[in-house]
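The values are calculated or read from the model by the stated rules, or taken from the named source; none is laboratory data. What you see is a predicted model; the values in this text were computed from it and never measured. Methodologically, a virtual Cβ is constructed for each residue, glycine included, from the backbone with ideal geometry; neighbour enumeration extends over all protein chains shown.
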Amino acid sequence: MKIILSFVLLISFGTRAQYADPCKEIPTLNQAILDVLKPYMGKKIGRGECWDAAELALNKVGAEWDGLYAFGKEIDIKTECIQPGDIVQFENVQLEVKTENGGYSESFSHHTAIVYKVNGPGDIELIHQNTGQFGRKMGVTTLNLAHKTKGTITFFRPVKKG
């Protein structure tokens, strides 16, 4: 009985242990990025491409980035906390979500988003546009990193120029 209980507890907390605990405070630059994007909720930024939101926010706050897909300092989410305002790049990502009614799958072949809120280790909310749910307007969706079955999700911490 003890072995079964230990196995159940290990499975229950296994995905949680894969990711660092949330940080206590949001860095000033990250908060500035969220402040830039909040007025755009339900509205389209630029052409409505996912990347347009990151471009607008990073440029307005004076963040250093390469103008493509390196949005600051890459972070290791197993040892470093995810912060609201971090930029997320998806490459060939497949998510499998199980629900009481069966579940669903979602894919991001090439997508950029910004962390809006961190609910717990590996459990985040994203602010982004060009999604199936919101079309080319900004909206918030949830993401549990434990649902990723394929692909790469890279997190970047914005860095001030200079």
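Listed here are the residues, each with its yes/no results for (1) among the small types (Gly, Ala, Ser); (2) at pLDDT 95 or above.
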| position | (1), (2) |
| --- | --- |
| Val88 | no, yes |
| Gln94 | no, yes |
| Tyr104 | no, no |
| Leu126 | no, yes |
| Gly139 | yes, yes |
| Leu145 | no, yes |
| Lys148 | no, yes |
For the stretch 16-70, enumerate the residues that are farther than 25 Å from Gly120 by Cα, among the small types (Gly, Ala, Ser) and either at pLDDT 95 or above or outside any loop (DSSP other than H, G, I, E, B) (or both). Gly42, Gly46, Gly48, Gly62, Ala63
Glu25 fails exactly one of the following numbered conditions: (1) more than 15 Å from the chain's Cα centre (by Cα); (2) acidic (Asp, Glu); (3) surrounded by 13 or more Cβ atoms within 10 Å (Cβ to Cβ). What is the number of that condition? (3)
Check the stretch 93-105 and report whether any residue there is part of a loop (DSSP other than H, G, I, E, B), of a type in the set (S, T, N, Q) and either touching a residue at least 40 places away in the same chain (Cβ under 8 Å) or farther than 29 Å from Ala63 by Cα (or both). yes
What is the residue count in the stretch 128-137 for residues that are part of a strand (DSSP E or B) and more than 14 Å from the chain's Cα centre (by Cα)? 1
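Which residue out of Val88, Val159 is in contact with a Gly (Cβ under 8 Å, 6 or more places away or on another chain) and surrounded by 14 or more Cβ atoms within 10 Å (Cβ to Cβ)?
Numbers: Val88 fails: in contact with a Gly (Cβ under 8 Å, 6 or more places away or on another chain).
Answer to the selection: Val159.
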Answer from Ala113, Ala54, Ala63 - the residue that is more than 15 Å from the chain's Cα centre (by Cα) and of a type in the set (Gly, Ala, Ser): Ala63
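Every residue, every condition in (1) free of Cβ contacts under 8 Å to residues at least 40 places away in the same chain; (2) assigned to a strand (DSSP E or B); (3) surrounded by fewer than 18 Cβ atoms within 10 Å (Cβ to Cβ); (4) basic (Lys, Arg), yes or no:
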{"site": "Val115", "(1), (2), (3), (4)": "no, yes, no, no"}
{"site": "Leu126", "(1), (2), (3), (4)": "yes, yes, no, no"}
{"site": "Leu143", "(1), (2), (3), (4)": "no, yes, no, no"}
{"site": "Lys150", "(1), (2), (3), (4)": "no, yes, yes, yes"}
{"site": "Phe155", "(1), (2), (3), (4)": "no, yes, no, no"}
